[in-house]
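Structure first, commentary second.
The values are calculated or read from the model by the stated rules, or taken from the named source; none is laboratory data. This is a predicted model, so every value here is computed, not measured. Methodologically, a virtual Cβ is constructed for each residue, glycine included, from the backbone with ideal geometry; neighbour enumeration extends over all protein chains shown. These area figures cover heavy atoms from the full protein model, side chains too; ligands, DNA and RNA do not enter into them. Shrake-Rupley method; radii C 1.70, N 1.55, O 1.52, S 1.80 Å.
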Amino acid sequence: MKDVVTVGVRPERRRLKRPTRRDWLTCAVVGALTTATAFLPHSDGKVTDALGWVLVAAMVLLTAWRRLYPLGALLALVPLQLTYHLLGNAPTTPVVASMLIIYSLAVAGPRRRTLVVVPTLLALALTMMLTVNVHKGLELVRTSGWIVACTLLGEAVRVHRSYVGAIVERAERAERTREETAARRVAEERLRIARDLHDLLAHSITLIGVQTSVAAHVLNADPARLDRATLAQALDGIADTCREARGELKRTLEVLRAEEGSGPPPGLGSLADLGRAAESAGAVVSLSVTADGGVPPAVGATAYRIVQQGLTNAVQHGGPAVGVKVSVVLDEASSALLVDVVDDGPVTDGPVTDGPVTDGALTDGAAADRTPGFGLVGMRERARSVGGTVAAGPRTDGPGFAVRAVLPCARAAE
């Protein structure tokens with residue numbers, strides 16, 4: 001069997017950064033200033049010879065790479081400077097290029113590198129100059145003040161740029177946070193409106209359907225002995241349900257249109273209307289509300305919607321003559337509103353669960369009769385919006401279905 005030779009792929013070489021047009025323009029300006037400086041009269045009578053001009057040109061070209069490779073430009077500048085001065089050329093000619101390269105190193109940062117590299121190179125240069133020529137070494141000590149000045153100026157500019165950058169970044173982060181908060185609030189409002197519309201339409205349509213079935217039964221059961229009172233009651237119930245649904249739908253649309261003057265959200269005071277609407281569909285509702293004004297509006301609206309959905313489910317799945325017991329109690333000890341909606345509707349042929357199932361999930365025993373839909377999901381979401389929980393499932397003490405919601409009032413008030 002032949003050996004399989006794996007040929008490695010040669011990694012792509014990292015391309016070197018190239019100076020931009022701005023860098024070359026700066027290099028040209030530095031070259032012009034350097035040339036003008038070279039022709040200034042010097043007290044010692046020194047001039048720049050041909051080799052010195054070559055070294056000066058190399059130092060000027062280094063300024064084109066000062067922003068891309070600040071440390072490399074400074075390290076390349078040091079031997080050029082030493083050679084230039086050892087040849088006895090005019091000392092002021094390369095000053096402009098040297099100042100710009102040292103300044104660029106300090107601006108690029110970090111501060112630790114600047115405080116280590118510049119003094120180290122200056123100490124090495126002084127040591128070499130004092131060893132070779134004491135007079136030139138002393139002259140370098142005298143003229144090294146501009147090196148320190150360029151370093152401090154570059155560090156000050158770097159600190160200022162960092163401060164401005166931090167302010168801009170903080171402003172951009174605050175703007176992003178503000179946009180995210182606004183988007184989250186819009187999503188929450190859309191979800192709330194969707195839940196309101198679901199509860200409103202499901203409740204109204206279910207009651208209208210049951211009342212219509214009652215009216216049709218009265219008309220078809222015994223036309224010879226028409227029960228006009230029952231028929232009129234069913235039709236009046238349909239009209240009342242449509243009127244209430246139209247009012248709630250109007251309030252929801254006013255919120256969508258951002259109009260002022262929309263009425264307050266429904267609360268515990270409107271539970272009696274829900275009971276009467278369910279009774280108009282044939283249900284037998286027993287309502288008990290023992291809660292004072294210590295219930296926050298958000299908790300009251302949540303309890304209203306949970307009771308509304310519980311009555312809708314009871315009428316829809318338990319039949320028109322279902323008995324429903326609604327209990328709303330404010331527990332002073334735990335400062336929580338306890339909402340119970342229990343009906344005596346028919347049970348399925350499947351096994352009965354051991355008790356209410358937390359978070360509104362239904363077991364297989366109840367799935368045949370009451371398929372989980374958006375109603376139970378809406379109950380759970382509404383309870384979570386105020387920090388509460390919902391438990392729902394078939395009753396263990398008899399036929400029917402039970403919903404239990406625990407809505408903390410203190411957390412909702414905060």
*Could you check, for segment 371-387, whether at least one of its residues is at pLDDT below 50, under 27 Å from the mean Cα position of the chain (by Cα) and under 22 Å from Ser327 (Cβ atoms)?*
no
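For segment 270-292, name all the residues that are in a strand (DSSP E or B) and among the polar types (S, T, N, Q). Lay out the reasoning, then the answer.
Initial filter on segment 270-292 (in a strand (DSSP E or B)): 284-290.
Once the filter is applied, which keeps residues that are in a strand (DSSP E or B) and among the polar types (S, T, N, Q), segment 270-292 yields Ser286, Ser288, Thr290.
To keep it simple, each residue is scored yes or no on (1) under 27 Å from Val377 (Cβ atoms); (2) of a type in the set (S, T, N, Q); (3) surrounded by 21 or more Cβ atoms within 10 Å (Cβ to Cβ).
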residue	(1), (2), (3)
Ser270	yes, yes, no
Asp273	yes, no, no
Ala278	yes, no, yes
Ala281	yes, no, yes
Val284	no, no, no
Ala291	yes, no, no
Pro297	yes, no, no
Ala301	yes, no, yes
Tyr304	yes, no, yes
_Residues that are within 30 Å of Ala277 (Cβ to Cβ) and either in the same structural domain as Ala97 (by the TED database) or open to solvent by 60 Å² or more (accessible area, probe 1.4 Å) (or both): does segment 174-189 have at least one?_
yes
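Restricting segment 38-59 to residues that are modelled with pLDDT under 90 and assigned to a helix (DSSP H, G or I), which is most open to solvent (accessible area, probe 1.4 Å)? Quick ask: steps written out before the conclusion?
First pass over segment 38-59, keeping only residues modelled with pLDDT under 90: 38-50, 52.
After this cut, where a residue has to be assigned to a helix (DSSP H, G or I) as well, the list is 38, 50, 52.
Working: Ala38: 18, Ala50: 78, Gly52: 0 Å².
Selected residue: Ala50.
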*asked:* Just to confirm my filter: which helices (runs of 4 or more DSSP H) fall fully inside segment 88-201 and include at least 2 residues that are modelled with pLDDT under 80 and closer than 25 Å to Trp65 by Cα?
replied: 111-132
*With the checklist (1) closer than 17 Å to Ser104 by Cα; (2) modelled with pLDDT of 90 or more in hand, flag the one item Val78 doesn't pass.*
(2)
*asked:* Considering only residues that are of a type in the set (Asp, Glu) and at pLDDT 85 or above, which ones fall in segment 308-336?
replied: Asp331
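Check segment 60-73 and report whether any residue there is without any contact (Cβ under 8 Å) to a residue 24 or more places away in the chain, assigned by the TED database to the domain that holds Trp146 and open to solvent by 50 Å² or more (accessible area, probe 1.4 Å). Before the answer, list the steps.
Applying the first criterion (without any contact (Cβ under 8 Å) to a residue 24 or more places away in the chain) to segment 60-73 yields 72.
Restricting the remaining residues to those that are assigned by the TED database to the domain that holds Trp146 gives 72.
Then keep just the ones that are open to solvent by 50 Å² or more (accessible area, probe 1.4 Å); that gives none.
Looking through segment 60-73, none of the residues is without any contact (Cβ under 8 Å) to a residue 24 or more places away in the chain, assigned by the TED database to the domain that holds Trp146 and open to solvent by 50 Å² or more (accessible area, probe 1.4 Å).
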